[in-house]
Structure formats: structure tokens, C-alpha cells
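Here the structure comes first, spelled out in C-alpha cells, and everything after it is commentary.
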Amino acid sequence: MVRALVTGGNRGIGYAIAQGLIARGVDVVIGVRDAQAGAAVAETLGCAWVHLDLEAPETFDPAIAAAGDIDILINNAGILIEDSMIDNPDGLRRSMQVMFHAPFDLICGVLPYMTRAGAGRIINLTSGWGTYDEGMEGPGGYGVAKAALNALSYALPRDLPSGVSVNAMCPGWVHTRMGGKAAPRTPEEGADTAIWLALDVPGDVTGKFFRDRQEKAW
């Protein structure tokens, strides 16, 4: 059975991605920062969970070991710090850790199995705020961190083994704790393209950026 690790899978878009993958027959493991909350959500979903705090790199290797052989990695978890990068430089550092360094470290962690299997899919949840084409908007260091993740998604295919793909996707403005109540999209709508990339697109599609199943400019 295909196994997926979804970071931040206990709520919002991550929960919807996990739920959608499970409905498609995927063996899902959610990575959660809060173990108690994660265990309760995993029971509701009917999946496994691992303690994975993206600001605590010491949790990465144990989480990957506990999750087992991962065929699909979905780097979903993120943070939104709205402070000025100058006034709060630590906010930028935290944004980079959660939305760039941690996803890269997790990719490195699951890659040995994907290499042996000769197949694997990596999906990075990003934002139009992190694209030059859309003006690098957004508050604080959010767009900068997402731009770094976009650059990684674009460049990494040259270093990945045959059969392993990486793509980025923007879920749009979604009604979650981060997106706020005014957001027009449901978590399920935001999750759709990630599930599509994980299960439906050809394996040789890599290094691309998508929104609503359509390729977009970086």
C-alpha cells in the first residue's frame, strides 16, 4: 500500500489532504506538533500519527523512522508571522525554518527509501505570495520563505533520483485558522491539487508550480 506523510495534518488543509488521500486508499501518517491533539485527530481520521515539530529538528529523524517507508511526502505545515522583517528578524528566521529548512530536511529524510523504491512524490504547499510573477506579496517573511521553497521545488529535480518528482502547489485563500474566516475557499478545495499531484499526474511531471490543477508561472 502507498504511504504518505502529511505535515500539519491535524487541521485545516493538511487534515483535508489526509482525509482525501485516505479516501483514495492511501496509508496516511500525519505529522503533528501537539501529540495529544494529533492522536485524537488521527483516531478520527483512522490513520497513524508521529510527533513532528518543524521548529525542533531533533524530532525529524524519529518521526521518519516511526512513519516507515514513505512514498509521498506532503510538506503542508506553515506559519504566518505578520511582523516587519526588520522589526522582528526572528520572525523571518522562524518562517524560513518551518517553510524551507524543515521541508528540505524531511525530503532528505525520506529520499533513501524513495531512491530504493525507484519512485516517490514530494508536494510542497506554497503560495502565490512567494512567486515573482505575482509580486512577492504578503506580510513579514512569509513570502520570502515561500519563495525559497519555490526555488527549491524548481531546482531540486536536477538532484533527485530517477522516478522521484517534486512539485509545488498553491491552495488559494482557504478558510482555516491561518487564512481567516473571510477566506472564500474550503479546506477541501485547497487540498484538491495536492491530492491530484500525489496520485493522478504522470510521474515525470516535476519542478512545476500549480494552482487549481493548472500550471502557473513562478
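The values are calculated or read from the model by the stated rules, or taken from the named source; none is laboratory data. Remember, it's a predicted structure, so these values are computed and weren't measured experimentally. Methodologically, a virtual Cβ is constructed for each residue, glycine included, from the backbone with ideal geometry; neighbour enumeration extends over all protein chains shown.
Scanning region 105-119 for residues being assigned to a helix (DSSP H, G or I) and either surrounded by fewer than 14 Cβ atoms within 10 Å (Cβ to Cβ) or under 14 Å from the mean Cα position of the chain (by Cα) (or both) gives a total of 7.
Let's see how each residue does on (1) of a type in the set (S, T, N, Q); (2) more than 23 Å from Ala18 (Cβ to Cβ); (3) at pLDDT 95 or above; (4) out of contact with any Gly (no Cβ under 6 Å at 6 or more places or on another chain):
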position	(1), (2), (3), (4)
Lys146	no, no, yes, no
Ala151	no, yes, yes, yes
Lys181	no, no, no, yes
Thr186	yes, no, no, yes
Glu189	no, no, no, yes
Ala194	no, no, yes, yes
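Screening Ala145, Ala155, Ala117 for residues that are under 23 Å from Ile79 (Cβ atoms) and among the hydrophobic types (A, V, I, L, M, F, W, C) leaves exactly one candidate, Ala145.
Checked against (1) surrounded by 15 or more Cβ atoms within 10 Å (Cβ to Cβ); (2) closer than 23 Å to Gln214 by Cα, Ala155 meets all criteria but (1). Could you please find all residues in region 47-74 being out of contact with any strand residue (DSSP E or B) (no Cβ under 9 Å at 6 or more places or on another chain) and either modelled with pLDDT under 95 or not in a helix (DSSP H, G or I) (or both)? Those that are out of contact with any strand residue (DSSP E or B) (no Cβ under 9 Å at 6 or more places or on another chain) and either modelled with pLDDT under 95 or not in a helix (DSSP H, G or I) (or both): Glu55, Ala56. In the set (1) closer than 24 Å to Trp196 by Cβ; (2) in contact with a Leu (Cβ under 8 Å, 6 or more places away or on another chain); (3) in a helix (DSSP H, G or I), Trp129 fails one condition alone, (2). Checking Val28, Val41 one by one, the residue that is surrounded by 15 or more Cβ atoms within 10 Å (Cβ to Cβ), in contact with a Lys or Arg (Cβ under 8 Å, 6 or more places away or on another chain), assigned to a helix (DSSP H, G or I) and of a type outside the set (Ser, Thr, Tyr) is Val41 and no other. Select, from Ser84, Ser95, the only residue that is out of contact with any strand residue (DSSP E or B) (no Cβ under 8 Å at 6 or more places or on another chain), of a type in the set (S, T, N, Q) and part of a helix (DSSP H, G or I). That would be Ser95, the only listed residue that is out of contact with any strand residue (DSSP E or B) (no Cβ under 8 Å at 6 or more places or on another chain), of a type in the set (S, T, N, Q) and part of a helix (DSSP H, G or I).
Identify, from the list Ala77, Ala63, Ala67, the residue that is over 20 Å from Val2 (Cβ atoms), surrounded by 14 or more Cβ atoms within 10 Å (Cβ to Cβ) and under 17 Å from the mean Cα position of the chain (by Cα). Just a single option satisfies the conditions, and that option is Ala77.
Which is farther than 15 Å from Ala145 by Cα, within 14 Å of the chain's Cα centre (by Cα), surrounded by 20 or more Cβ atoms within 10 Å (Cβ to Cβ) and in contact (Cβ under 8 Å) with a residue 40 or more places away in the chain, of Gly14, Gly20?
Exactly one of Gly14, Gly20 is farther than 15 Å from Ala145 by Cα, within 14 Å of the chain's Cα centre (by Cα), surrounded by 20 or more Cβ atoms within 10 Å (Cβ to Cβ) and in contact (Cβ under 8 Å) with a residue 40 or more places away in the chain, namely Gly14.
If you filter region 132-150 down to residues that are in contact (Cβ under 8 Å) with a residue 24 or more places away in the chain and in a helix (DSSP H, G or I), you find that the one that is surrounded by the most Cβ atoms within 10 Å (Cβ to Cβ) is Ala145.
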